[in-house]
Structure formats: structure tokens, C-alpha cells
Amino acid sequence: MEKRVAIIGAGISGLLACKYAVAAGFRPTVFEAQSKIGGLWNHTLESTRLQTPKQVFEFSDFPWPSSVKEDFPLDTQLLDYLQSYAENFGLLPYIKFNSQVIGIDYEGESDLEMQSSELWAGTGKAFGSKGKWKIEVQVQHDEHSSIQEYTAEFVILCIGRFSGLPSIPEFPQDHGPEVFYGKMLHSMDFSAMDNAEAVELIKGKKVAIVGAQKSALDVAALCANVNGSDNPCTIIVRTPHWMLPSYYVWGVPLALLYLSRFSELLIHKPGEGLLFGALASLLSPLRWGIAKFCESYLRWKLPLKKYDMMPPHSFLQDVSACTIVVLQDNFYSKVEEGCIRFKRSKSIGFCKEGLTLGGEGATQTVKADIVILATGYKGDEKLRNIFTSPTFQKCITGSSNSAIPLYRQMIHPRIPQLAAIGYSESLNNLYTTEMRCRWLVHFLDETIQLPSIKEMEKDVLMWENYMKSYAGNYYRRSCVGALHICYNDQLLKDIGCNPKRKKGFIAELFQPYGPADYLELTSNS
């Protein structure tokens with residue numbers, strides 16, 4: 001049978017999937033809706049920087065150029081880096097730009113046959129089935145568009161969960177944006193503007209921002225630079241998260257505290273044995289102490305109490321949920337100068353003059369000319385919408401009280417000949433994604449085989465229970481941040497490589513892991 005591979009999306013995940021597929025001898029077709037690579041990084045503000053130091057946010061075999069001096073590069077520098085990567089490995093000829101996939105439909109076994117099978121795709125192999133995917137693509141030409149159809153035996157979804165389909169909150173009756181006399185837009189639309197256009201929109205205006213994660217803080221930083229204290233912007237916060245001014249806590253690198261094998265010994269792991277379970281329980285006071293150590297520094301360093309921005313949960317929960325926010329330089333200086341204001345509220349509505357905030361006390365009004373909703377994206381719905389089959393639409397995203405059910409955070413046990421990259425997060429998405437793509441290519445090359453569907457579903461449930469235990473209400477982000485070494489160990493064992501990447505017992509136990517540790521992977525066989 002043919003082994004055609006289709007990759008949907010040419011962001012970081014799509015480029016990595018393409019690079020490793022090509023290296024393994026495949027000739028993938030990459031469908032990209034935009035006219036260039038980079039995914040969501042093509043729609044960012046000039047105030048946007050990486051949240052992760054470039055030393056760990058880099059491809060294992062393609063370091064940042066020496067011309068980039070910043071530890072946290074700008075969005076434009078990252079796009080240049082991605083372009084260089086694509087050119088260096090000859091990926092651009094495989095990409096069809098201006099080609100938006102509007103639907104995929106599986107043709108092969110019936111739903112009944114697939115649901116009754118004990119093995120994924122009937123064999124547990126990437127190309128074991130006779131089925132194929134029909135891919136419907138809307139191609140944008142200069143002045144018109146056309147619908148084209150492609151066929152592939154395997155599909156890799158790299159469409160991301162933080163773009164494309166904005167999440168708009170539900171507002172109380174008669175208090176929605178229709179009563180607002182100003183302008184409301186989502187941060188996705190604001191970030192997609194030309195920088196000059198975005199500046200012109202907010203210049204001299206009262207701006208209210210709903211949300212307090214990275215996109216909200218990027219918007220606030222731009223507003224502060226443009227308007228200063230004359231027209232301060234207001235950030236409406238429902239639940240504050242821990243914010244880091246740098247990757248050091250009381251002079252100690254955060255990586256030493258949370259990105260080493262020793263730090264993972266303190267965490268109860270999915271499928272752990274009695275010994276490691278007992279050890280994690282025994283070391284729980286240390287786990288608590290490390291979190292309090294970090295929290296004490298942030299309370300001292302940042303005026304969290306003064307501005308009512310103290311998170312109600314532990315530092316470990318934000319690490320485990322990938323909801324840690326890294327502040328831009330001098331962010332709280334702008335707050336102290338009166339350029340940025342915080343308002344806490346669980347209840348938010350619109351009025352003619354701006355927003356109404358409710359809570360335990362009396363309702364208050366935040367006057368605004370512009371309201372920007374930095375309220376996230378409907379990543380699950382976006383993933384579901386790409387399938388034509390109601391059966392796949394129903395099962396791909398799980399239930400309302402479960403995470404997206406992906407084995408190894410990539411393979412849905414009930415959807416054949418398909419992988420999804422980028423729906424599970426880590427504290428460093430780039431090299432975690434790279435590890436996934438390396439594992440996936442071994443699977444495509446049929447050097448590894450999946451276990452039974454029941455075994456995969458059992459493993460998925462164990463990881464979900466771990467996420468619920470440590471990430472709280474944010475478990476649906478499927479973050480492996482606090483166990484990224486353990487997670488990578490699983491991938492390495494699957495493909496027959498030694499998971500121990502350091503030299504010596506002490507280094508293996510206490511040194512942080514990063515991209516360089518996974519550069520050369522050799523099989524144990």
C-alpha cells in the first residue's frame with residue numbers, strides 16, 4: 001500500500017513533523033492556511049517575546065544564530081529562526097501555502113469494525129489498515145478560491161489549540177457587548193493587526209483587557225508603552241496565576257527546582273510502582289517546601305498583595321498546568337507608575353460606558369473605549385470541527401470532565417492512521433514537540449507498534465488522573481510540565497533508546513534536562 005503522509009499546519013509542530021518525516025524517507029504534503037510558516041507567531045504584537053529562554057527553546061540540531069543576543073527573543077526573531085530552520089532542512093518545497101484544510105474524512109473500515117477491533121487500525125501499525133483519509137482543502141488564489149481534494153494514508157494534525165477559534169465568554173442577559181458604545185474585539189484579532197494599526201487603535205483610548213495570561217499581559221504592555229499613565233489600561237482578572245520576573249528564584253535557577261529527575265521524584269507519576277509511590281509520599285514535605293520557597297520569593301519580589309494579585313493556589317499547580325506567566329521587563333514598574341491597573345472580579349458584564357464588575361461587594365464600573373477579550377481559544381472545538389465523521393467528532397475531545405484522550409499525548413486509541421501534535425503542553429513546547437515527532441516517525445517507519453486499544457486507554461486514564469491531581473481545574477491543558485523527563489523517558493523506551501542522557505549519577509539526578517540532552521539518539525539494540 002502507499003504511505004502518503006499529510007501534515008496540517010506549518011507552525012513549529014508542523015515544521016518538526018515535516019523535517020523528521022523527510023529524514024525518514026517520506027515525502028509529506030504540508031497544508032498551511034497562511035502564506036508563510038510560523039502559525040500563531042505570525043499574529044503577535046511587537047511587545048511579544050518568548051516566555052522561555054532561547055537556550056532551551058531551540059531545535060536540538062539547529063541552535064539560535066549568534067546574532068540573537070537576547071535571552072527572550074522577539075516574535076520577529078523567532079520567525080526568522082523558523083524560516084532559517086525550514087530553509088536549512090529543505091522543508092519549504094513540501095508546504096502548500098494558502099491551503100486551508102476544511103475537513104478530513106476517513107474511508108475504510110466501518111465505525112462498527114473500528115470500535116470492535118482490539119488493535120488500533122486493526123494491526124497496531126501506522127499503515128496496517130486499508131483505510132485512507134480524504135482531505136478537503138480550500139486553496140486561496142490571487143482573486144478567488146477553489147476546493148481541492150487530496151488523499152493520504154496517515155494524517156498529522158498540527159493545527160494548535162491557541163489560535164483560530166477565539167473563546168468569547170457568555171455575559172449576563174442585557175449585559176453583553178451589544179449594549180457597549182465602544183469597540184470590543186478578541187486579542188486574536190488585535191494581535192493580527194499591523195503594529196502601526198494596533199497602536200493607532202489604542203492611542204489615547206481607555207482600554208480594558210479581560211484575562212491575565214500571556215496574551216493579556218502582552219496587550220497591556222503595549223498599551224502602557226503607547227498611553228503611559230495618562231490613559232492607563234485596566235486588566236480584569238478572574239483568577240490570578242503566579243508570575244515570574246525571571247527564571248531565578250532567590251538566585252536559584254528554576255530549572256534546578258522543577259526540571260530535573262530529582263524534582264520529578266517528588267511527584268506521583270502515572271503508573272508508578274510501590275517504591276516510587278512511597279518515595280513521592282515520603283518526600284511530599286520537600287515538594288511543599290520548594291513551592292513555598294518559590295512563592296516566598298515572588299511575594300517579596302512583586303507587589304502581589306498590594307494589587308490583589310495573590311494566586312489562590314500553589315506554585316506547583318501552575319507549573320503542573322503550564323499556567324506560569326513570565327513577565328516582560330519592568331512590567332510591575334509600569335503598574336507602579338499607574339500605566340496598568342488590576343481589577344479582580346468573577347462576574348463581568350458590559351454597560352454603555354465599559355464593563356461592570358460584580359462580586360461580594362457592590363457592582364463597579366470600569367470605563368473603557370475599547371475592550372479586548374484575552375479569554376483564550378476553543379481548541380477542543382477547533383480540533384473537533386476538522387473531522388467530517390460524527391463518531392470522530394464525538395470521541396476526539398473526550399467528555400466535559402476529561403482531557404483530550406491521546407496515548408503518548410499524540411494518538412487517539414479510537415481514530416486510525418492519525419496523530420495530533422500540539423494539544424498537550426509542557427514548560428518548553430518546542431523540544432517536547434520535537435521528541436514527539438521523533439517518536440512518531442519511528443511509528444510511521446513501523447519500527448514500533450502500538451499496544452492494544454484497552455492498554456492505550458488505560459495509560460491515557462492514568463495520565464489524566466495525574467493531571468487532575470496536580471493541575472486542578474486546568475487539567476484539560478494536558479500539561480506534562482512537571483513530569484517532562486518522565487514523559488520523554490516513555491518515548492525513548494518505546495523507540496529503543498536509553499532514557500538516561502547525563503554522564504554520572506549526580507548529573508543524572510540533579511542537572512536540568514534540555515534540548516542538547518536529546519541531540520543524538522541511538523538505539524539500544
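The values are calculated or read from the model by the stated rules, or taken from the named source; none is laboratory data. Owing to the predicted nature of the structure, the values given are computational and were not obtained by experimental measurement. Cβ placement follows ideal geometry from the backbone for every residue including glycine, while neighbour counts extend to all protein chains displayed. With ligands, DNA and RNA removed, areas are computed over all heavy atoms of the protein, side chains included. Shrake-Rupley method; radii C 1.70, N 1.55, O 1.52, S 1.80 Å.
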Over the chain, average the accessible area per residue using a 1.4 Å probe and give it in Å², no decimals. 44
May I ask for the angle, rounded to the nearest 10°, between helix 429-444 and the longest principal axis of the chain, with both axes built from Cα atoms and the value confined to 0 to 90°? 20
In whole percent, how big is the carbon plus sulfur part of the accessible area of the chain, probe 1.4 Å, protein atoms only? 51
Restricting everything to alpha-carbon atoms, can you work out Rg to Rh for region 273-367 with a Kirkwood hydrodynamic radius? 1.12
Helix 214-227 sits at what angle to the longest principal axis of the chain, using alpha carbons and giving 0 to 90 degrees rounded to 10? 40
Counting all Cα-Cα pairs in the chain, those more than 31 Å apart amount in percent to 48
Take each of the peptides 397-406, 363-372, 196-205, average the number of other beta-carbon atoms within 10 Å over its residues, and list them starting from the highest. 363-372, 397-406, 196-205
Write out the trypsin sites (Lys or Arg not before Pro) in region 446-525 meeting two conditions: DSSP loop, and at most 10 other Cβ atoms within 10 Å of their Cβ. 503
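With only Lys, Arg, Asp and Glu charged, each at its Cβ (+1 for the first two, -1 for the last two), find how big the charge dipole of the chain is about the Cα centre; round to the nearest 20 debye.
Using only the charged Cβ atoms, the result is roughly 1320 debye.
Please compute the alpha carbon radius of gyration of region 300-427, then divide it by the globular-protein estimate 2.2 N^0.38 Å. Two decimals is fine. Please report the intermediate quantities before stating the final value.
Working: Rg = 20.2 Å, N = 128, 2.2 N^0.38 = 13.9 Å.
Rg over 2.2 N^0.38 Å, computed on Cα atoms: 1.45.
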Restricting to aspartates and glutamates and to Cα separations under 20 Å from residue 292, and discarding same-chain partners fewer than 8 apart, the set is 264, 308, 318
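Which whole-number value in Å³ per residue fits the convex hull of the alpha carbons of region 384-494?
Expressed per residue, the convex hull around the Cα atoms of region 384-494 is 106 Å³.
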List the residues whose amide H sits under 5 Å from the amide H of residue 96, counting only those 5 or more places along or on another chain, with H placed 1.01 Å from N in the peptide plane. 30, 31, 32
Using only the Cα atoms of region 27-105, each taken as one equal point scatterer with no solvent, compute I(q) by the Debye sum, divide by I(0), and report log10 of the ratio at q = 0.17, 0.18, 0.24 Å⁻¹. -0.76, -0.83, -1.19
What ³J(HN,Hα) values, in whole Hz, does the Karplus curve 6.51 cos²θ - 1.76 cosθ + 1.60 give for region 150-161 when θ = phi - 60°, with x put for Gly and Pro? 10, 10, 8, 7, 9, 10, 10, 8, 10, 8, x, 10
May I ask which residue of 53, 13, 34 lies farthest towards the positive end of the charge dipole of region 1-58, with charges of +1 (Lys, Arg) and -1 (Asp, Glu) on Cβ and the Cα centre as origin? 13
Short version: what are the Cα gyration tensor semi-axes of region 436-515, square root of 5 times each eigenvalue, largest first, in whole Å? 23, 21, 10
Mean separation of Cα contacts under 8 Å (6+ apart) over length of the chain, as relative contact order %: 21
Any idea what the alpha-carbon Rg over 2.2 N^0.38 Å comes to for region 329-385? 1.51
Radius of gyration and Dmax over the Cα atoms of region 57-166, both given in Å: 19.4, 57
Between their Cα atoms, which of 36/334; 269/503; 54/334; 134/454 are more than 31 Å away from each other? 36/334
The alpha-carbon center of region 312-371 and that of region 456-525 are separated, in whole Å, by 34
At a Förster radius of 35 Å, what calculated FRET efficiency corresponds to the Cβ-Cβ distance of residue 352 and residue 378, to the nearest 0.05? 0.75
Which of the pairs 183/382; 205/306; 3/468 have their Cα atoms more than 31 Å apart in this structure? 3/468
Residue 235 long-range amide H proximity, modeled H, under 5 Å: 209, 341, 342, 343
Please report the Cα spread of region 223-299 along all three principal axes, rounded to whole Å, starting with the longest. 60, 28, 17
Phi to ³J(HN,Hα) by Karplus 6.51 cos²θ - 1.76 cosθ + 1.60 over region 46-52, Hz, x for Gly, Pro: 5, 7, 7, 10, 4, 8, 10
Karplus couplings for region 299-314 from phi (6.51 cos²θ - 1.76 cosθ + 1.60, θ = phi - 60°), rounded to Hz, Gly and Pro as x? 5, 6, 7, 10, x, 5, 5, 4, 9, 6, 10, 7, x, x, 10, 7
Other-chain or far-sequence residues with amide H under 5 Å of residue 378's (modelled H): 165, 167
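Tally Lys/Arg at +1 and Asp/Glu at -1 over every other residue whose Cβ is under 11 Å from the Cβ of residue 276; what's the total?
So the surrounding residues net to -1.
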How many angstrom separate the Cα center of region 380-438 from the Cα center of region 5-78? 20
Could you give the Stokes-Einstein D for region 161-223 in µm² per second, using the C-alpha Kirkwood radius, 10 °C, 1.306 mPa s? 121
In the chain the cysteines whose Cβ sits 4.7 Å or more from every other Cys Cβ are 18, 158, 294, 339, 351, 395, 437, 486, 497
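Give me the mean projected area, in nm² to one decimal, of the convex hull enclosing the Cα positions of region 280-320.
Projected over every direction and averaged, the Cα hull of region 280-320 covers 3.1 nm².
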